[in-house]
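Following: one structure in structure tokens, then a few remarks.
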Amino acid sequence: MLIIRQFVPNYGIDDRFFPRNLLENPRKLNEYRANLAQSIIKSHKKPENLVTNHLEIRVVASNRGEFYLLQTIGFILEQQPIGAFNLSICNVEIDIFDDLAQFEQISIPILSINNGTKKALILDETIRKETIDYWHCLAQKSRSRYILLIEDDSIIIGQFTELINSLIRHLDYADHIDYVKLYHPIKLRKLPSYFLFPCQLRYYITGSAYISYPESCCTPAVIFRTSQIPKMIEHFNKQPSYAGHAKDHILDDSPFIGRQSDLNYVIHIGSFSSIRRRTVQLSDLRDFGIA
């Protein structure tokens, strides 16, 4: 098994995003990744004659700072030429904030979805606003067959494009599936999917994305079938949201058919929780044994 492990790519965290000499210094690690993303954005040229209707990626963006949005957008742009997907940003704030303004200059569509609601101090109101913002972003019209919502403290992995294209081919065939979650904390995954190596080996051999029944938790990255979104929004808007019943719970409890990817397509980089209102240890680093 150890010999095989040497030849199978580690889909997910790699030294490019998480150089080992910076793992003990979260601030420098974040700065390093932000600089890398900034260099990608500066050299980015939108692909000419980009005509695609298979996927639109929408980033749900808030003014959380720490250069998280910069990293999220930068690493998506890096794969856009080969992924040939559309990209837009949902601004959940009342105004265009500093971290967001730079993306207007490179012609990324910014969808203002805030209805005049400011950030709340009460936990229930914070969760309610985040839920409403998420549904508003999802509800915006699209010409693409699928919409992928990514939260602004997540970055796509290096193998994202090949994985998402494989998944879309699967969804085109399995048209009864309404959405697929593309991230789940490793420590919360149930056996046998808890250990990532068998999943990585299977993808390495077959080149196909695999999905299973979804487990409850988390919405850093979810892909939705566009044709089902109007029905979903009609249902979601009727559901109350509060502490203990956030958007992920509403999605889990809905009558719509969901699945979960066997590999995480994104890495969670946000170290400050707006819900817990404190700095948290990044579970992705801990789960991969590098923190």
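Read the figures in this text as sums done on the coordinates, not as results from a lab. Quick caveat: nothing in here was measured; it's all calculated off a predicted structure. Using ideal geometry, Cβ is built from the backbone for each residue, glycine included, and neighbour counts are taken over all protein chains shown.
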Under a plain spin-label model, where a point goes 7 Å from the Cα along Cα-to-Cβ, how far apart in nm are Asn115 and Lys45?
4.4
Segments 39-46, 25-32 sorted - mean Cβ within 10 Å per residue, highest first
25-32, 39-46
From the phi of every residue in region 209-214, what ³J(HN,Hα) in whole Hz does the Karplus formula 6.51 cos²θ - 1.76 cosθ + 1.60 yield, where θ is phi - 60° and glycine or proline is x?
7, 10, 10, 9, 5, x
Burial-style ranking of 234-241, 71-78, 140-147, average other-beta-carbon count within 10 Å with highest first, yields 71-78, 140-147, 234-241
Under a 5 Å amide H to amide H cut-off, with H placed in plane at 1.01 Å, what residues pair with Ser154 once short-range neighbours are removed?
Ile269
Computed about the Cα centre, the charge dipole of region 58-194 from +1 Lys/Arg and -1 Asp/Glu charges at the Cβ has a magnitude in debye, to the nearest 20, of 500
Using label points projected 7 Å from each Cα along Cα→Cβ, tell me how many nm separate His235 and Tyr213, to one decimal.
1.7
Estimated vicinal HN-Hα couplings, Hz - region 222-236 in sequence order (Karplus 6.51, -1.76, 1.60; Gly, Pro = x):
9, 9, 10, 7, 4, 5, 9, 4, x, 5, 5, 4, 4, 6, 4
In whole Hz and in residue order, list the ³J(HN,Hα) couplings for region 156-173 that follow from phi through the Karplus curve 6.51 cos²θ - 1.76 cosθ + 1.60, θ = phi - 60°; x for Gly and Pro.
6, 7, x, 9, 4, 4, 5, 5, 5, 5, 5, 5, 5, 4, 5, 5, 4, 7
Order the peptides 83-89, 102-108 from the highest to the lowest mean number of other Cβ atoms within 10 Å of their residues.
83-89, 102-108
So, with points 7 Å from each Cα along the Cβ direction, the Ile106-Asp15 label distance in nm works out to 2.6
Counting Lys and Arg as +1 and Asp and Glu as -1 over every other residue whose Cβ sits under 13 Å from the Cβ of Ile150, the net charge comes to -2
Tell me, what are the semi-axes, in whole angstrom and largest first, of the equivalent ellipsoid of region 68-179 as set by the roots of 5 times the Cα gyration tensor eigenvalues?
26, 19, 13
If amide H atoms are modeled at 1.01 Å from N in the peptide plane, then the residues at a separation of 5 or more from Leu87, or on another chain, having amide H under 5 Å from its own are Ile57
List the lysines whose alpha-carbon lies under 24 Å from that of Lys231, not counting same-chain residues fewer than 8 positions away?
Lys129, Lys141, Lys181, Lys247
Calculated FRET value between Leu36 and Asp95, using beta carbons and R₀ = 30 Å, to 0.05
0.60
